[in-house]
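Just below is one structure, and these are the notes that go with it.
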Amino acid sequence: MNYGIIAKVIGSLLIFEAIMFAPAMLVGLLYDETSAIVFLGVMLLTLTVGLVLQKISGSSKSIRAKEALIIVAGGWLAVSFFGALPFYFSGSIPSMMDAFFETMSGLTTTGATILEEIESLDRGILFWRSFTHWLGGMGILVLTLAVLPALGVGGFQIFKAETPGPVADKLAPKMKHTATILYTAYLGITLLETVLLMFGGLSLYEALVHTFGTVGTGGFSTLNASIGGYHSAYVQWVIAIFMVASGINFSLYYALYRNRLRDIYQNEELRFYLLIIGTATLLIFFNLQWEYHGSVFTTLRHAFFQVASITTTTGYATVDYEVWPQFSQSILFFLMFVGGCAGSTGGSIKVIRLLVLVKLIKREIMRILHPRAVVPVRIHHRMLEPDVIASVTSFYILYLLIMAVGTMLLSLEGLDLTSAFSAVAATLGNIGPGFGFVGPAQNYAAFSMPAKGLMSLFMLMGRLELFTVFILITPDFWKEQA
């Protein structure tokens, strides 16, 4: 195991994080807040630790699969720890465990919060809180792949372990170019939404904070009432549309840039994703209209917003959907297990896996009807290899197993079954709000420290696609090859 190169790359991540504290510090300075001093101190501390780790030299410049997995998990834990320090030292979150939970929630783009009163916090602190969504959205490691070549480190293994979804497609021959392409699209969408929100009357600060939460599909807001606090149909429509856009595979934006419209049109996952959102929106819309007979446009807006928010695992809210009819709530509950497209900033199971599951069910039905028929499973006109199908199946089994064990453990908190199950689904799926005790009008403050630690682990597992974390606790992983 090349621990030197692991320390060097994690050190680079901490140096990058130290630099990323600067925007929040500037916000604190602009609003004359004491948080600016806190950010300066934490920046210097993080920078020092990063530089020390960078001085450790490894015996090789190449990253093997084992080192890549440790860098991904260890890097996320290290960045979350140092990212929690501004919350703790500023007094915004007095408990270090709570601060770590909040930061892990931000960087994994979960959006689960322990804060009960948000609007009283310093703007610099709230800016950093939402900025963690933007940094974690596509993965801090993918972002730093643009600078890793300067370290003499190749990084395809990291990209494969870090990028969401069953398959990590390389858009360009070299990782530096791939990261540049992905984040050009990321920056472009960020800039566009920020401008549109400012047209809706939001200040630059408010527009940026909510854009971070949208594009990163995280859901942290500066308001206690989330997006519903703005009472603006325009703002809610803009955010809802960009939530859907952020749940799309980012490689399709590259295809759009290259004018490969046919690739976009023929993408089965995208069509299935939009079909799910459209169908769920209409079903909830008709259910709400049947029950309440409200304004057609208002009902449609709220239905679309909440469907987009839960499906993409963003977690923003315009209303308390727990007062909706049970049918509408059941649809939102199902959407918690859908997620965004592979290669997007969304969490949960991912649309591509659900599509594969549907095709597998269809294949088994055809086999029963026609025992001699050979029915291949195809995605995007390509036949899936048996190992890919096995991987998807294993993912579902492991996901259900974690859900079951997690629900039992959280039930020790005295929660009802719905709340315990929902809390696991909301953290493992990187969604944030759920139902019952963790509904949109609630938070995670009342959970015990062990429960918060467990849910922090669920967030990390969900963000790193489960297996990355489980491999690290396998004894064979740590055995050195002869």
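The values are calculated or read from the model by the stated rules, or taken from the named source; none is laboratory data. These figures come from a predicted structure and were not determined experimentally. Note that each Cβ is placed from the backbone with ideal geometry, even for glycine, and that neighbours are counted across all protein chains shown.
Please tell me if Gly75 is closer than 18 Å to Gly136 by Cβ, touching a Leu at 6+ places or on another chain (Cβ under 9 Å), touching a residue at least 40 places away in the same chain (Cβ under 8 Å) and in a helix (DSSP H, G or I).
Yes; evaluated as a whole, the condition is true for this residue.
Within region 2-45, can you find the residues that are under 27 Å from the mean Cα position of the chain (by Cα) and hydroxyl-bearing (Ser, Thr, Tyr)?
Ser12, Ser35
Just name the residue that is farthest from Arg301 (Cα to Cα) out of those in region 232-266 that are in contact (Cβ under 8 Å) with a residue 60 or more places away in the chain and small (Gly, Ala, Ser).
Ser251
Evaluate the following for Leu69: is it modelled with pLDDT under 90, within 22 Å of Thr132 (Cα to Cα) and part of a helix (DSSP H, G or I)?
yes
Can you pull out every residue in region 195-226 that is hydrophobic (A, V, I, L, M, F, W, C) and crowded, with 24+ Cβ neighbours inside 10 Å?
Leu197, Val209, Phe212, Val215, Phe220
Could you grab the pairs with beta carbons closer than 7 Å, sequence gap of 6+ or different chains, first residue in region 382-396 and more than 11 Å from Leu360 (Cβ to Cβ), second one outside any loop (DSSP other than H, G, I, E, B) and at pLDDT 80 or above?
Matching pairs, first to second residue: Phe395/Arg353.
Among all residue pairs at least 6 apart or on different chains, which show Cβ distances below 7 Å where the first residue, located in region 355-375, is closer than 17 Å to Glu269 by Cα and the second is acidic (Asp, Glu)?
Leu355/Glu268; Leu355/Glu269
Please determine whether any residue of region 449-463 is closer than 29 Å to Gly315 by Cα, surrounded by fewer than 21 Cβ atoms within 10 Å (Cβ to Cβ), within 26 Å of the chain's Cα centre (by Cα) and not aliphatic (A, V, I, L, M).
yes
Sort out which residues of region 1-30 are outside any helix (DSSP H, G or I) and closer than 17 Å to Ser130 by Cα, and write them in order of number.
none
Cβ contacts < 7 Å: first residue without any contact (Cβ under 8 Å) to a residue 24 or more places away in the chain, restricted to region 177-198; second residue part of a helix (DSSP H, G or I) and surrounded by 14 or more Cβ atoms within 10 Å (Cβ to Cβ), any location; separation 6+ or different chain. Result?
Close Cβ pairs (under 7 Å, with a partner that is part of a helix (DSSP H, G or I) and surrounded by 14 or more Cβ atoms within 10 Å (Cβ to Cβ)) amount to Thr194/Ala207; Thr194/Leu208; Thr194/Thr211; Met198/Ala207.
From the list Ala18, Ala24, exactly one residue is modelled with pLDDT of 95 or more and under 23 Å from Glu117 (Cα atoms). Which is it?
Just a single option satisfies the conditions, and that option is Ala24.
Please verify whether region 294-305 includes one or more residues that are among the polar types (S, T, N, Q), assigned to a helix (DSSP H, G or I), touching a helix residue (DSSP H, G or I) at 6+ places or on another chain (Cβ under 8 Å) and surrounded by fewer than 20 Cβ atoms within 10 Å (Cβ to Cβ).
yes
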